[in-house]
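For reference, the structure is listed below as structure tokens.
The values are calculated or read from the model by the stated rules, or taken from the named source; none is laboratory data. Just so it is clear, the structure is predicted and the values come from calculations on it, not from any experiment. In this analysis, Cβ positions are derived from the backbone assuming ideal geometry, glycine residues included, and neighbour counts consider all displayed protein chains. Surface areas here come from the heavy atoms of the whole protein model, side chains and all, with no ligands, DNA or RNA. Shrake-Rupley method; radii C 1.70, N 1.55, O 1.52, S 1.80 Å.
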Amino acid sequence: MFRAQKVGNDIYGVKSNWKLESSLGDTAESGFRHNVHYHQYFHGYTEVRVEKPNGKYSIQRIYTEDWYVQKLTKRQWLQVKALMLILAFFAAIFYCFVMTRSGFEGNLSRIVAIPGFISVILLFLLVASTIGFVSLKRKMTWWEQYSSTNRVDKFSLFSSVMLLMTAILIGLNCFFGVESVLKELLLASGVLLSALCTFFMYLINKKIDYFTEKNCAILPEGEKHLIL
């Protein structure tokens, strides 16, 4: 339940007549809304309006919701991070290597060019997302867990689909007359290997479970609002 208490200004510096104060004492919701991305990024944070010695106010944001932790031992956690990083870099580097080799007509085919170029962009985004994923600490905020998992899921799956399409089109290009079908199939196999790496990343990430751990953050004195 909430009880109303008159105050001068709210946490956002907007004049108001009422403050909703939680029975818990530290997670009141003002009803004021920022943009969606702000609430996603700071989901689970508590904003505290702290008065300075000079009478002015500052806003402190402290994460107060439960921490998200991968349901893995520390050794498994490190192994997963290393494996994901290796797979992402191998897929990207090996794909660029095989697709820049001379003597393969699949590298010059127009029907291969479009999915092939999109694959490069997706692999770049996947590598960047994987670096962000492995750089996170063991305890994660809601946004860190949500965004890192979502990005790796999305870019690993999209990359595997586009790489598979590129490999298929390289194979189909053989029917339009090439000097060596065997060489083109080897090229397609190389691209397919990169696709398997990215799809394996998708499967690994999907199988990771998470549990929550109580957050013992201590909030300073001041007007408090939980961001949801």
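Out of everything in region 126-136 that is hydroxyl-bearing (Ser, Thr, Tyr) and in a helix (DSSP H, G or I), what residue ends up being surrounded by the most Cβ atoms within 10 Å (Cβ to Cβ)?
For region 126-136, the residue satisfying everything is THR130.
Among residues of region 147-171 that are under 26 Å from ARG110 (Cβ atoms), those with a beta-carbon under 7 Å from a residue that is open to solvent by less than 60 Å² (accessible area, probe 1.4 Å) and among the acidic types (Asp, Glu) at least six positions away or on a different chain give the pairs ILE170/GLU184. Summed over region 137-177, residues that are open to solvent by 30 Å² or more (accessible area, probe 1.4 Å) and part of a loop (DSSP other than H, G, I, E, B) total 4.
Looking across region 140-181, the residues that are farther than 23 Å from ILE114 by Cα and either modelled with pLDDT of 95 or more or not charged (D, E, K, R) (or both) come down to MET140, THR141, TRP142, TRP143, GLN145, TYR146, SER147, SER148, THR149, ASN150.
Looking at SER147, SER189, just one residue is under 25 Å from GLY132 (Cα atoms) and small (Gly, Ala, Ser), and that residue is SER147.
When the criteria are applied in full, VAL98 meets the requirement of being modelled with pLDDT under 95, over 30 Å from PHE42 (Cβ atoms) and of a type in the set (Val, Ile, Thr). Within region 101-120, residues that are under 18 Å from LYS154 (Cα atoms) sit with their Cβ atoms under 6 Å from residues that are of a type in the set (A, V, I, L, M, F, W, C), at 6+ positions apart or across chains, in these pairs: PRO115/MET162; PRO115/MET165; ILE118/MET162; SER119/MET162; SER119/LEU163. Considering LEU123, LEU186, LEU193, the condition of being assigned to a helix (DSSP H, G or I), modelled with pLDDT of 95 or more and surrounded by fewer than 18 Cβ atoms within 10 Å (Cβ to Cβ) is satisfied by LEU193 alone.
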